[in-house]
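First up is the structure itself, then whatever we jot down about it.
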Amino acid sequence: MKRRVVITGMGIYSCLGQNLDETLKSLYEGKSGIIFDPVRKELGFRSGLTAKLEKPDLKGVLGRNQRVYMPEQCHYAYLATAEALKNAGIDNDHLAASEVGLLYGNDSTAEAVMKSIDTMREKRDTTMIGSGGIFQSMNSTVTMNLSCIFKLKGINLTISGACASGSHAIGLGYLLIQWGLQDCIVCGGAQEVNPYATGSFDGISAFSVRENEPAKASRPFDRDRDGLVPGGGAATVIIENYESAVKRGAPILAEICGYGFSSNGDHISVPNVDGPSRSLKMAIRESGFDIRTIGYVNAHATSTPVGDRNEAKAIADVFGNCKPEVTSTKSMTGHEMWMAGASEIIYSMLMMKHGFVAPNLNFEHPDEDSAKLNIPSKRIDKQFDIFLSNSFGFGGTNSTLIVKNIKQ
C-alpha cells in the first residue's frame, strides 16, 4: 500500500515577505515585489528589472565557520528551513533521533563561481580563493550546507531541473515517502538574486523592458506581455508520512495527492503544449480526483509570449468546460526560477488556508488563448480545498503537483 504524504510545515523568504505572515499579507493585498535596479543597467543589462530581496545578516545566528561555506541562496534557504521546521514542530532532538531527508532545488550558483574565477585570474594563486569557495560554488551547495547545519541524516540530494527544480524536489520526496523509503523530508528550492545569476537570460532578451513601470512589468497571460522579471529567495516545505506525523502530533496542513511529470522532447527553450498537458493529466490521474473538484490552478506562466500561450492551451485542453480560477503569482514575484516550484506551493497553500485567490496582476487584455481561462485580475474571496500547481523549465522538463487541504 502506498503511504499518504502530508505537509506539516512551511517557511519562506521572498520578495513578498521574509516569513509566512508577511507573505500572506502581500498575497492578500496583491502587492508586487518588483523594482528597477540601476546597478543592472551599469552592468550592461538590457533590463534593470528585478524582484527586491534583502540578503539576511546571519551573524550571531550561525558561526563564521558555517557562514563561510554559504553563497547567497543558502542564506535564504537557511531561514526558510528554520521557519518550516519550527512550523512543523520539529526540534533538534527530533532531528538527532530521526532520519530526516533533504531534497532541494538549485540549478546554478553563479556569483560564487564568478568570484572564485576572478580571484584566480587576478591573484594567480588558487589558495587565495579561500576554503569556502568550492562549497559555495557547487550546485549542491544548498543541500550540503543545510544537511550539516541541521544535522539531517536521511537522503541528501540536490534536484537540478531548471525552473521546475523546486516542484520536482517536492514530487520526488512525495514518491520516496509514498513507497516507505523515508518518513520525513525537507523539500524546497532556492535562487540567488544577484545580477550575475541572470545576465545570460538578459542576453537573450528574456526579460521585460517595461522599466518605467516595475510593478506592471510582469504580466502573465496578458496580451501585452513582453518578457519575465527575475526573482528569487527560498521556500521550504516539510513533508511526512501521514501515520508518523499523527504519531508525533504534527500540525497536518495538507496532503500531497498527485505528482505528474513529463519532458517535451522538443526545443531546448521554447515550450510546447503536449508536454505540459501530459504532466497535468498524469498528476490528475494519480490523484484520483474528479477534475471538477480542483478549485484553483497556480500556473507556471512567466510572462513570456510563447510560454504563457502554450500553457493556456494546455490548461484549456485538460480542464475543458471546467473553469477553476487560474493565476500566476509571478505577476507579483517575478520568476523565482529554481525556487518557484516550491514557493508557489506555499503561496497556494496560504491562499487555500485563508480562503482567497490572489490576483493575477496586470491582466488587462486577454489574448486568444488566455481568454479561454478563468483568470481573475483582482483578489477573489473563495473557499477551495484542492489546488494544482504547474512548474516548467528549460529543456522541456515539466512538473505538476496536486495538494488537498486538511482541516484540523
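Taken together, the values in this text are just the output of simple stated rules run on the coordinates, not laboratory data. Keep in mind it's a predicted model, so treat the numbers as computed, not measured. Every residue, glycine as well, gets a Cβ built from its backbone with ideal geometry; the counts of neighbours run over all protein chains shown.
What the table below lists for this structure:
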| read-out | value |
| --- | --- |
| Extension gain from Lys41 to Lys247, taking 0.36 nm per residue of separation minus the Cα-Cα distance | 68.7 nm |
| Relative packing of 220-228, 83-91, which averages over residues the other C-beta atoms within 10 Å, highest first | 220-228, 83-91 |
| Charge context of Ala97, other residues only, Cβ under 14 angstrom, K/R +1, D/E -1 | 0 |
| Inter-label distance, nm, simple model (7 Å from Cα along the C-beta direction), Asp266/Ser200 | 2.3 nm |
| DSSP bridge orientation in region 261-405 - percent antiparallel, rounded to nearest 5 | 65 percent |
| DSSP-defined antiparallel bridges as percent of all bridges, the chain, nearest 5 | 70 percent |
| Too-long pairs where the Cα-Cα distance tops 22 Å, listed order kept, from Lys330/Lys353; Lys353/Lys378; Lys2/Lys151 | Lys2/Lys151 |
| Radius ratio Rg over Rh of region 98-164, counting only Cα atoms, Kirkwood formula for Rh | 1.09 |
| Region 361-383 and region 41-106: distance between their alpha carbon centers, rounded to Å | 33 Å |
| For the chain, built as a Gaussian network whose Cα springs stay under 10 Å, the top-fluctuating residue of Val142, Val39, Val61 | Val61 |
| Helical contribution to [θ] at 222 nm, DSSP H n ≥ 4, -39,500 (n - 2.57), averaged over the chain, rounded to 500 | -10000 deg cm²/dmol |
| Extension gain, Ala215 back to Val68 (0.36 nm per residue minus Cα-Cα distance, nm) | 49.4 nm |
| Sites Val61 and Ala371 - FRET efficiency at Förster radius 45 Å, r taken between beta-carbons, to 0.05 | 0.40 |
| Net charge of Cβ neighbours under 10 Å - reference Met351; Lys, Arg +1; Asp, Glu -1 | +2 |
| Asn321/Glu364 FRET efficiency (R0 22 Å; Cβ-Cβ; nearest 0.05) | 0.30 |
| Listed peptides 339-348, 13-22, 146-155 by packing density, highest first (mean Cβ within 10 Å) | 339-348, 13-22, 146-155 |
| Exposure proxy order (Cβ contacts within 10 Å, fewest to most) of Ser399, Ser277 | Ser277, Ser399 |
| Anisotropy class of region 261-405 from Cα gyration tensor, a/c 1.5 cut | rounded |
| Environment charge at Lys372 (Cβ cut-off 13 Å; Lys +1, Arg +1, Asp -1, Glu -1) | -3 |
| Euclidean distance between Cα centres, region 210-272 to region 138-158, Å | 21 Å |
| Label-point separation, Lys353 to Leu181 (7 Å along Cα→Cβ), nm | 2.9 nm |
